[in-house]
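Worksheet: the structure to be examined is printed underneath.
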Amino acid sequence: VCESVVKLLPGGSELRFTKDKTDYYVPANYKYLDATDQDMGGSSAVVLPDIKGRHLLVTAGKDGLVYLLDRENLGGVGGELYKRRLLGDPSSSYHSNIKTTPAYFDAGDDDKMVYLTGNEKGPKGEAGVIALKLTFGDKKKVELANLWTLPSVLNQPGAPYVSSSGSKDGIVCAKHNLTVME
């Protein structure tokens, strides 16, 4: 069971963990997530490059939520900058939503994208790949806005990845269990 993002700092010949709330993040409902196997253990965190003076990190969980964190101040218990359900019915008894690492793509200007894959129904009733755009509001508010959802259902998709020529010609790919009929 994995519920935390922790910052490990250099400490001589070892890494150390300070237990200061600026150096870890845990969802406020972590006990429930542990008890129902909806933890963040299936998704790794991705450190994003500095954007508009923000130091962000994105991660997700089997509960279908995506989380944006400030990597300089992870916030302790419930200290996320932003979280939102992307996949799955919150009243369901079992979740296997996001179990892969998000992908990031900088398409230049204000087009900073995050891609996630998942197993249960998404914002338009599909499962598969979701494209999100980082948006910044007043008072350093940051969110992820839906750009598109793959119109085809994917079963147990792998982590998304992006191929590009710098900030141009981005192509999003994901592994998928495809049955080919001969």
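The values are calculated or read from the model by the stated rules, or taken from the named source; none is laboratory data. This one's a predicted model, so the numbers in the text were calculated from it and none came from an experiment. Glycine gets a Cβ as well: all are built from the backbone with ideal geometry, and neighbour counts include every protein chain shown. Only protein heavy atoms, including side chains, enter the accessible area calculation; ligands, DNA and RNA are left aside. Shrake-Rupley method; radii C 1.70, N 1.55, O 1.52, S 1.80 Å.
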_Among the numbered criteria (1) part of a strand (DSSP E or B); (2) within 26 Å of T117 (Cβ to Cβ), which one does Q38 miss?_
(1)
*Whichever residue in the range 20-35 is outside any helix (DSSP H, G or I) and in contact with an Asp or Glu (Cβ under 8 Å, 6 or more places away or on another chain) and, among such residues, is surrounded by the most Cβ atoms within 10 Å (Cβ to Cβ)*: Y25
_Being under 22 Å from V172 (Cβ atoms), surrounded by fewer than 16 Cβ atoms within 10 Å (Cβ to Cβ) and of a type outside the set (D, E, K, R) is the requirement here; does G61 meet it?_
no
*How many residues are in contact with a Lys or Arg (Cβ under 6 Å, 6 or more places away or on another chain) and open to solvent by 50 Å² or more (accessible area, probe 1.4 Å) if we restrict to the range 144-166?*
1
*Which of the residues belonging to the range 5-19 are part of a loop (DSSP other than H, G, I, E, B) and in contact with a Lys or Arg (Cβ under 9 Å, 6 or more places away or on another chain)?*
K7, L8, F17, T18
_When you check K52 against the structure, is it open to solvent by 10 Å² or more (accessible area, probe 1.4 Å), over 24 Å from G170 (Cα atoms) and either modelled with pLDDT of 85 or more or not hydrophobic (A, V, I, L, M, F, W, C) (or both), yes or no?_
no
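Condition check ((1) at pLDDT 85 or above; (2) open to solvent by 10 Å² or more (accessible area, probe 1.4 Å); (3) assigned to a strand (DSSP E or B)) across all residues:
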position: E80; (1), (2), (3): yes, yes, no
position: R84; (1), (2), (3): yes, yes, yes
position: L87; (1), (2), (3): no, no, no
position: N97; (1), (2), (3): no, no, no
